[in-house]
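Beneath this line is the structure, given in structure tokens, with notes to follow.
Any read-out appearing in this document is the output of simple, stated calculations on the displayed coordinates, not a laboratory observation. Predicted model only: the values in this text are computed from it and were never measured. Methodologically, a virtual Cβ is constructed for each residue, glycine included, from the backbone with ideal geometry; neighbour enumeration extends over all protein chains shown.
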Amino acid sequence: MSVSAATIDSIRLPVAKSRGKRFADFFTRVFGCWHLQMGRPMTWAGETYRACLDCGARRRFDPESWLMYGPYYF
Ligand SMILES: [Zn+2]
């Protein structure tokens, strides 16, 4: 019983994922990116930032406090 339930879950998961992606794309188009999926911190030209995985927006990142700060920029 539990085995078949797990099998159904593993089949349904990719469908739910693609729906979530489409939903996110819709929001990105209408409202702009919500920047929840930020990539790993990167340092370039003495500036540390994290970039949005969806739209590429960047935000400055303080490696000492491990927090992002300032406005988003492109
Ligand atoms: Zn973004």
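Values computed for the structure shown
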{"read-out": "Difference of contour (0.36 nm per residue) and Cα-Cα distance, residue 74 to residue 37", "value": "11.8 nm"}
{"read-out": "Environment charge of residue 61, counting only residues whose C-beta is closer than 11 Å and scoring Lys/Arg +1, Asp/Glu -1", "value": "+2"}
{"read-out": "Positive minus negative residues near residue 38 (Lys, Arg vs Asp, Glu; Cβ under 15 Å)", "value": "+3"}
